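The block underneath contains the structure these notes are about, expressed in C-alpha cells.
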Amino acid sequence: MRRIHGGGRRGVPVLALMVLGLLATLTTGPARAATAGVVDVVGVEAAGLDAGEAAGHLIGRDPGVVYLTFDDGPDQLFTPILLDLLDRHGARATFFFLGRNLAARWGSDEVQDLLNRGHAVGNHSTHHRKLTEQPPWSVAADLEEASLLLANRTGFRPSCWRAPYGDLDEMVHSVAGSLDMTHVGWTADPQEWLNPWVPVVIDYLTGKRRDGAVVLLHDRKWLSLHIVDDLLPVFHDDGWRFDALPACRAPGEREARMATRGTDSTPVGRVDRVATVGGGLKVTGWAYDADAPGGGLDIRVSLGDPELEPPVWTASQTRSDHGFVVHLAEVADAPICVWAVDAGRRQDAVLGCHRHEIAPEG
C-alpha cells in the first residue's frame with residue numbers, strides 16, 4: 001500500500017477537487033450513501049431499544065467489554081497523561097480527534113505511539129461545528145480535511161467518525177457515508193463539562209455498563225483523568241475489560257502504518273490479543289522496523305506489577321511477516337507490558353500494557 005503524504009499548499013486544491021467529487025457522488029451516486037456505515041447508539045433508548053444491546057449489535061458485541069471513547073483531542077498535556085493511565089490499568093480506548101487540534105498539537109510520532117499502544121483513532125471533524133446547519137459542500141470539506149490530517153499522521157484514512165454534539169441528519173449521513181466512515185455514537189455520557197462529582201459519575205457509569213457499552217469522555221480536562229483513574233479499577237474488579245472500537249480498526253491499517261516507516265523512524269506495531277492458554281498467557285501481535293525489513297525484531301514482555309516487585313521479562317522476535325507470539329508461563333492479575341526494540345538502537349516502541357481476555361483462546 002502506498003504511503004499517504006500530507007501536504008503544504010498543495011493540499012488546498014486537492015481538497016477542493018475531492019469535495020467536488022464527493023458532492024457528485026451525493027447527487028448521482030448509489031442510494032446506499034445515505035445510510036452506509038452508520039452505528040447510531042445515540043438516542044436508541046428513546047427509540048425503545050436497549051442502548052447496550054443496540055451498541056453490541058452494531059459494533060460487534062464482545063462479552064464483558066466496554067468501549068471508552070475520548071473526543072476533542074489531542075491535548076498536549078492531558079492526552080499523554082491519559083495514555084499512561086490507560087497503560088497502568090491495561091485498558092484500550094478510541095480517540096476521536098478534532099482536526100484543528102491535531103494539526104496544531106501532534107505530529108506522526110505522537111499518533112503512531114498512541115496506535116502502538118493498541119488504541120484506535122477516528123474523525124471528529126475539523127472545526128467542531130453543528131454539521132446539520134452547514135451546506136453539504138461545507139460538511140464534506142470539514143470531514144475530508146480531518147480525514148486527510150489523520151491519514152498524513154497514520155498512513156491510513158479513518159474508518160469511523162463521531163459528529164460534534166451528536167448532531168446528525170440524512171444529509172450529514174450521506175456525506176460521511178461517501179467518505180466510507182462508520183458513525184459511532186455513545187450509550188453513556190457523564191457530561192464532564194458540568195463538573196460532576198467523581199463518585200456520582202462512577203455510580204452513573206456503573207449503572208450504564210453492559211456488553212458493548214460506549215462511554216463518551218474527553219481528553220482535555222483534569223476531571224476526565226480522575227474519572228478514568230477511578231473507573232478502570234472498579235470495572236476491572238467486576239470482570240470488565242476496555243477495548244478499542246472494532247469499527248475504528250481501518251482495513252489495511254497494518255500495511256499502511258508500515259509504509260510510513262523509514263530508517264530514521266521508530267518501530268510501529270500492535271498487540272492484537274492476550275489470551276489465556278492452559279495455565280499461561282499467549283501474546284500475539286505485530287511489529288515493524290525499517291531497519292529490520294526481514295523481521296527478527298526483538299519483542300520484550302514484562303509480567304508483574306513493577307510498583308510491587310521487579311517484573312519478570314520474557315523475550316521473542318518477529319517473524320519474516322512481522323508477526324510475533326510470546327508465551328508466558330503464568331497468568332498475572334496485573335497488566336503485561338510489551339516493547340518492540342528499535343533495531344537501529346534509537347527509541348524502542350511501547351506496544352502498551354494489556355490485560356488478558358476473560359475467555360480462553362479457542
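A few notes on this one:
- Dividing the convex hull volume of the alpha carbon atoms of the range 183-304 by its residue count gives 182 Å³ per residue.
- Kirkwood Rh, angstrom, the range 263-354 [1 / mean 1/r, Cα pairs]: 13.3
- The range 178-198 and the range 227-261: distance between their alpha carbon centers, rounded to Å: 16
- Quotient of C-alpha Rg and 2.2 N^0.38 Å, computed over the range 34-248: 0.95
- Where labels lie 7 Å past Cα in the beta-carbon direction, separation of Ile202 and Val277 in nm: 3.7
- Cut-off under 5 Å, modelled amide H: who pairs with Leu351 long-range: Val338, Trp339, Ala340
- Contour minus Cα-Cα distance for Lys130 and Asp238 (0.36 nm per residue): 35.1 nm
- With all pairs of separate Cα atoms included, the range 132-255 yields a Kirkwood hydrodynamic radius of 16.6 Å.
- The order of Val350, Val200, Val312, Val271, going from fewest to most other C-beta atoms within 10 Å of their C-beta, is Val200, Val312, Val350, Val271.
Rule-based calculations on the coordinates, nothing more; no lab input. Predicted, not measured: the structure shown is a model, and the values here were computed from it. Every residue, glycine as well, gets a Cβ built from its backbone with ideal geometry; the counts of neighbours run over all protein chains shown.
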